[in-house]
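Below is one structure, written out as structure tokens; comments come after it.
None of the figures in this text is laboratory data; all of them are computed from the coordinates on show. Note that the coordinates shown come from a computational prediction; the quantities given were computed from them, not determined experimentally. Every residue, glycine as well, gets a Cβ built from its backbone with ideal geometry; the counts of neighbours run over all protein chains shown.
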Amino acid sequence: GAGVEAARRHRACAAADASAGGGFARPTARLEAFLDAEGVVPHDARLGLLLLHAARSGGEYWRYYARHVVPPLEAAPPLLAWSEAELAMLGDARLANEGRELRERADRIADEWRQAFTQRTLGSAPPTDAEARWALAACSSRCFSTERPEEDWPAMVLLCPLLDLANHDVAPNAMWEYDAAAEGGEGAMRLVSCRPADPAEPEGVWLAQGDEVLISYSPSSDNRHLLTHYGFAVDANANDRLSAEDITRAGLAALSAEAVLACAGVSRDDLDWIIGDCGVRPPLDRRRLCAVASLREAGRAALPAARHVWLEQAQAAAEAARQLRLMAGELGTELEGVPAEALDARVSAAAAFREQRALLLGAAAGECDTLVKHCVREAEAMVE
């Protein structure tokens with residue numbers, strides 16, 4: 001199988017088979033220094049330039065990977081590769097702006113590459129804007145990283161052909177790990193089964209032959225993050241929450257978080273661990289819990305202590321439910337005005353993202369309806 005060549009002391013790594021189509025050309029001294037610039041140059045910029053270098057100078061193995069495994073820029077999943085017309089399909093101004101910012105960042109990085117490298121110092125022609133977008137999109141959607149404890153900067157970022165073909169699932173049956181001591185200190189990636197194929201089977205019976213191997217790309221990522229970096233949204237993502245814009249428009253800060261929790265029949269502490277176990281629950285339960293968590297995080301009002309305050313809470317919850325349903329309706333059930341040049345995969349991703357947003361808004365509206373009834377009951381009890 002493919003060995004793992006750790007480039008630049010494991011700070012930016014690429015999987016390569018030295019025997020497959022002729023070796024991996026050693027980077028020039030200037031590129032070596034660029035790849036060593038940890039903490040100064042972003043990890044994706046270092047890995048992206050290494051990928052371009054490998055695709056040009058890595059022999060048949062890397063040329064095949066670049067041309068036939070990594071999709072071309074026009075089909076790349078991350079938002080930085082989407083056109084303006086495709087970004088408009090999202091129905092979300094903040095997410096569309098994020099796609100534009102990532103695209104602009106990729107162009108700035110390409111410009112920095114061109115200023116820093118000549119053909120002589122890089123070993124090949126400096127990358128164009130399109131090549132930079134392609135390389136950074138590949139790093140965004142295909143790289144693996146290990147985190148340092150208590151630090152945001154990854155300890156290691158790598159590309160591993162073949163393993164990067166594994167699909168994502170909220171309940172994965174496998175996990176990846178990097179063993180720095182393997183292969184005589186060169187390091188190796190491993191794919192390890194993490195649960196039985198059938199929970200009813202005896203312990204020790206794992207994935208069956210023919211089962212699809214599924215990993216988690218990012219266990220704590222909501223659909224915004226998944227769509228931004230991987231180009232898809234999942235059903236009833238347990239990490240999804242209402243956005244700050246949703247909270248403001250619906251006036252959710254006027255609600256009492258404690259009243260929301262009491263209405264949902266769950267304590268603040270219990271909700272945290274229930275949400276943590278949310279991935280294995282049915283979709284409807286996941287959305288309801290995400291809606292409750294959103295309302296809990298948004299609510300700023302104190303717990304009502306008088307009858308008129310309970311009635312005010314009921315009015316605020318009723319208005320919030322109305323606004324949330326209006327917002328869900330604005331997303332629509334079908335995409336309209338789909339550009340003719342839009343890729344089917346991007347149309348499907350945009351439609352899925354909008355649908356999941358609308359369903360979460362609807363679930364939050366349902367929780368507000370229940371809160372209205374709860375508040376009215378509490379107010380009536382005070383009269384009695």
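Here are the numbers:
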quantity	calculated
Linear extension gain, Glu32 paired with Ala305, 0.36 nm per residue minus alpha-carbon span	91.7 nm
Amide H within-cut-off set for Asp169, under 5 Å, with H built and near neighbours excluded	Ile215, Ser216, Tyr217
Simple Cβ-charge dipole of region 244-323, Lys/Arg +1 and Asp/Glu -1, about Cα centre, in debye nearest 20	220
Where labels lie 7 Å past Cα in the beta-carbon direction, separation of Ser83 and Gln209 in nm	4.7
Average Cα contact separation per residue, region 266-384, under 8 Å, 6 or more apart, as relative contact order %	41
5 angstrom amide H check on Leu207, placed H, neighbours 5+ away	Ala197
³J(HN,Hα) computed for each position of region 321-330 - Karplus, 6.51 cos²θ - 1.76 cosθ + 1.60, integer Hz, glycine/proline x	4, 4, 5, 4, 5, 4, 5, 5, x, 5
Computed E for Asp111/Asp272 - FRET, C-beta separation, R0 45 angstrom, nearest 0.05	0.50
Extension gain, Leu284 back to Ser348 (0.36 nm per residue minus Cα-Cα distance, nm)	20.9 nm
Two-site FRET efficiency, Leu326 against Ser218, from Cβ-Cβ distance with R₀ of 35 Å, rounded to 0.05	0.65
Extension gain from Ala262 to Glu319, taking 0.36 nm per residue of separation minus the Cα-Cα distance	18.6 nm
Cα pair distances in region 244-323, grouped into 10 Å bins until the bin that holds the longest one, percent each	18, 48, 29, 5, 0
Region 315-384: C-alpha pair distances exceeding 19 Å, %	50
Region 244-323, relative contact order [Cα under 8 Å, separation at least 6], %	52
Amide H within-cut-off set for Leu242, under 5 Å, with H built and near neighbours excluded	Ser294
Two-site FRET efficiency, Arg94 against Thr146, from Cβ-Cβ distance with R₀ of 41 Å, rounded to 0.05	0.90
